[in-house]
């Protein structure tokens, strides 16, 4: 049996939980218990004319229409629960757990909203979450094993976890020299380790352990001197880092293989250029020599024709020497590591080879290179090879019968914090490029596999740069290679 209305109001009045009663249709406030009035800082008469936007926080998720929809949901479904942030008379927001219930009174349907301030609960929950995360990190770190060494680096004591990392038990490791169970870098007796410990610092040691299956495991250790009970011990904390080291080794191998492939292609291009370009001046020199020999044998040579022939031979040999010098300049830094370099210098060097390729195919090359330095960090030979690959690709497109304008444009410039090289043609466009990456070979050559472009993208990415492909207007392709500036 339900209590009488007066008893019901008495019960609501005594609650510590806030209660608001809204008219179901208009959502106007009809009544509030003292706890609700205290939370808002308003009297009941002050609360009644207020709307949702007067007593709710100003964030988007607490807009009036959202609040009205929430109350209407209770009308439709009977009840609705929501975390709602109210605002009191003084402009202070407080988060609540609010439960709206549809009730039909004799005077008509209403929505009763019961709410309680959960701000402190949220703070406590966040604090517990932070403590939980800290404990998790601590447990992760302390999942390491502990080894106590004497002054001669023999194992005095070892935890079962540490013994397991070495593939042994605690019993058969007692008194064993550390370097009998692993290879240490640096060695515990080295000057580097001794100096670090004497200075009060911990020293990192990497250990290589032979596994029973013939494989190799890797441990990361921190050796330090720990004082206790008036004495001190050499304590080594060890953790298994085999997976990380193997990943680093795979990455280093892939990096070395990538450099090898890039340099292999670079040297291949240089060899083809030497074979092709040196053939012409050497053949011309041979022809001039043969002509001079014929005239000498026939005794028809005169000083003027002799001088002309020798002059022509000299020009052809000079041209051959120039080709050899250019190739030598380009490849002499093959084994250099990344250094501060001028992008414009590299572009000027590769332009010689690009123009040779273009000239033999009837393509005009226009270069726009400012008279200034664009310093980046990288390997000049690799970046040069990327530019050559992209230019040769463009040339393959330009020489097609469908390409009307036989021109290649190359320019360098600055865009924000990056220096760029831009290569443009008027070919068929960028159907094979999506989002800056090539998804199929960029040319339709029968012998083309797209490998040069894939390697080029990897090289540019490794230098912190990017390759972007875009449509040229009115047709063709613009390829932009960007690298971060080095100051």
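The values are calculated or read from the model by the stated rules, or taken from the named source; none is laboratory data. Predicted, not measured: the structure shown is a model, and the values here were computed from it. No Cβ is skipped: glycine too gets one built from the backbone with ideal geometry, and neighbour counts run over all protein chains shown.
At pLDDT below 90, touching a strand residue (DSSP E or B) at 6+ places or on another chain (Cβ under 7 Å), within 19 Å of residue 242 (Cα to Cα) and surrounded by fewer than 17 Cβ atoms within 10 Å (Cβ to Cβ): is that true of residue 216 in this structure?
Yes; evaluated as a whole, the condition is true for this residue.
For residues that are touching a helix residue (DSSP H, G or I) at 6+ places or on another chain (Cβ under 7 Å) and either outside the structural domain of residue 87 (by TED's automatic domain parsing) or free of Cβ contacts under 8 Å to residues at least 40 places away in the same chain (or both), scanning just segment 32-43, find the one that is nearest to residue 72 (Cα to Cα).
32
Kindly list, by first and then second residue, each pair from a residue in segment 298-322 that is outside the structural domain of residue 349 (by TED's automatic domain parsing) to a residue that is part of a loop (DSSP other than H, G, I, E, B) and loosely packed, with under 13 Cβ neighbours inside 10 Å, limited to pairs with Cβ atoms under 8 Å and residues at least 6 apart or on different chains.
none
Yes/no per residue for (1) modelled with pLDDT of 80 or more; (2) in contact with a helix residue (DSSP H, G or I) (Cβ under 8 Å, 6 or more places away or on another chain); (3) not in a loop (DSSP other than H, G, I, E, B):
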| position | (1), (2), (3) |
| --- | --- |
| 402 | yes, no, no |
| 413 | yes, no, yes |
| 441 | no, yes, no |
| 452 | no, yes, yes |
| 467 | yes, yes, yes |
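Inspect all residues belonging to segment 139-154 and state whether any of them is part of a helix (DSSP H, G or I), over 19 Å from residue 224 (Cα atoms) and modelled with pLDDT under 85.
Within segment 139-154, one or more residues are part of a helix (DSSP H, G or I), over 19 Å from residue 224 (Cα atoms) and modelled with pLDDT under 85.
Of the numbered conditions (1) in contact with a helix residue (DSSP H, G or I) (Cβ under 8 Å, 6 or more places away or on another chain); (2) at pLDDT below 90, residue 446 fails exactly one; give the number of that condition.
For residue 446, the exception is condition (1).
Restricting attention to segment 168-184, which residues are assigned to a loop (DSSP other than H, G, I, E, B), surrounded by 14 or more Cβ atoms within 10 Å (Cβ to Cβ) and at pLDDT 90 or above?
Listed by number, the residues that qualify are 176, 181, 182.
How many of the residues making up segment 319-344 are loosely packed, with under 15 Cβ neighbours inside 10 Å and at pLDDT 85 or above?
1
Give segment 55-70 a look and list any residue that's touching a helix residue (DSSP H, G or I) at 6+ places or on another chain (Cβ under 9 Å) and over 16 Å from residue 96 (Cβ atoms), or say none.
60, 63, 64, 65, 68
Do we have residue 46 as in contact with a strand residue (DSSP E or B) (Cβ under 8 Å, 6 or more places away or on another chain), surrounded by fewer than 17 Cβ atoms within 10 Å (Cβ to Cβ) and assigned by TED's automatic domain parsing to the domain that holds residue 110 here?
For residue 46, the condition - in contact with a strand residue (DSSP E or B) (Cβ under 8 Å, 6 or more places away or on another chain), surrounded by fewer than 17 Cβ atoms within 10 Å (Cβ to Cβ) and assigned by TED's automatic domain parsing to the domain that holds residue 110 - is not met.
Restrict the check to segment 282-294 and report whether at least one residue is at pLDDT below 75, exposed (fewer than 14 other Cβ atoms within 10 Å of the Cβ) and not in a loop (DSSP other than H, G, I, E, B).
No; the residues of segment 282-294 include none that is at pLDDT below 75, exposed (fewer than 14 other Cβ atoms within 10 Å of the Cβ) and not in a loop (DSSP other than H, G, I, E, B).
Just to check your reading of the model, which residue among 263, 187 is modelled with pLDDT of 90 or more and out of contact with any strand residue (DSSP E or B) (no Cβ under 7 Å at 6 or more places or on another chain)?
The conditions single out 187.
Residue by residue through segment 295-307, note down the ones that are modelled with pLDDT of 75 or more and either within 30 Å of residue 385 (Cα to Cα) or touching a helix residue (DSSP H, G or I) at 6+ places or on another chain (Cβ under 9 Å) (or both).
Residues satisfying the conditions are 295, 296, 302, 305, 306.
So is residue 376 modelled with pLDDT of 85 or more, in a helix (DSSP H, G or I) and touching a strand residue (DSSP E or B) at 6+ places or on another chain (Cβ under 8 Å) or not?
no
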